[in-house]
1. Being part of a loop (DSSP other than H, G, I, E, B) and surrounded by 23 or more Cβ atoms within 10 Å (Cβ to Cβ) is the filter here, so list the residues in segment 1-20 that pass it.
2. Taking segment 40-71 only, how many residues are assigned to a loop (DSSP other than H, G, I, E, B) and at pLDDT below 90?
3. Does segment 155-167 contain at least one residue that is under 12 Å from the mean Cα position of the chain (by Cα), in contact (Cβ under 8 Å) with a residue 24 or more places away in the chain and closer than 30 Å to residue 8 by Cα?
4. Does at least one position in segment 175-185 carry a residue that is outside any helix (DSSP H, G or I) and out of contact with any helix residue (DSSP H, G or I) (no Cβ under 7 Å at 6 or more places or on another chain)?
5. Could you check how many residues of segment 21-35 are assigned to a helix (DSSP H, G or I) and at pLDDT below 95?
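The values are calculated or read from the model by the stated rules, or taken from the named source; none is laboratory data. Computed from a prediction, not measured in an experiment: that's the story for all the values here. When we count neighbours, we look across all protein chains shown, and the Cβ atoms used for this are built from the backbone with ideal geometry, even at glycine.
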């Protein structure tokens, strides 16, 4: 099993390959067309996909790959983080989305989680997806009562982040996070972590690999 890195910038591919090689062997493609050929030669465990590519876009490449191989895991890694593009990537079948500004450790964490069959959306993007209406539609009614902070904690919990890590990430005390969890569960009318995850997936905030 390996990772297929799809990006048209040679220097970026060089740096990313060095980071990703800590996890798995890395193959490279400089265009969508080349990515299709590489996958045909050997199916990777994960495709790390840029949005802007010469020829067919990363979005269209993902659609074509997922049509051929519905189980293929694709993680977008792009400088473009407009919510419309993030939603398009997820709708095309991507398992996650990261901006190119994330730290190497975050990239590796995302790779590990997607390889394990989970979704991974960069926290800031996930919170925006949850709190900003999709097109002209309102947020899911079940989430409308949550504040932005409650939504952020809900998403982190649903993604499997520990209470301790949430507290550290948000600079809150463990007791404060625990209180937020109680409020979130009450507002969403759920009683377990499993129900939180199910609700996050059901409302489209999290996507799981096919």
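1. Result: 7, single match.
2. The number of residues fulfilling the criteria is 7.
3. no
4. No, segment 175-185 contains no residue that is outside any helix (DSSP H, G or I) and out of contact with any helix residue (DSSP H, G or I) (no Cβ under 7 Å at 6 or more places or on another chain).
5. Going through segment 21-35 one residue at a time, the tally reaches 2.
Every residue, every condition in (1) at pLDDT 85 or above; (2) at positive phi; (3) buried (at least 21 other Cβ atoms within 10 Å of the Cβ), yes or no:
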{"position": "108", "(1), (2), (3)": "yes, no, no"}
{"position": "114", "(1), (2), (3)": "yes, no, yes"}
{"position": "131", "(1), (2), (3)": "no, no, no"}
{"position": "145", "(1), (2), (3)": "no, no, no"}
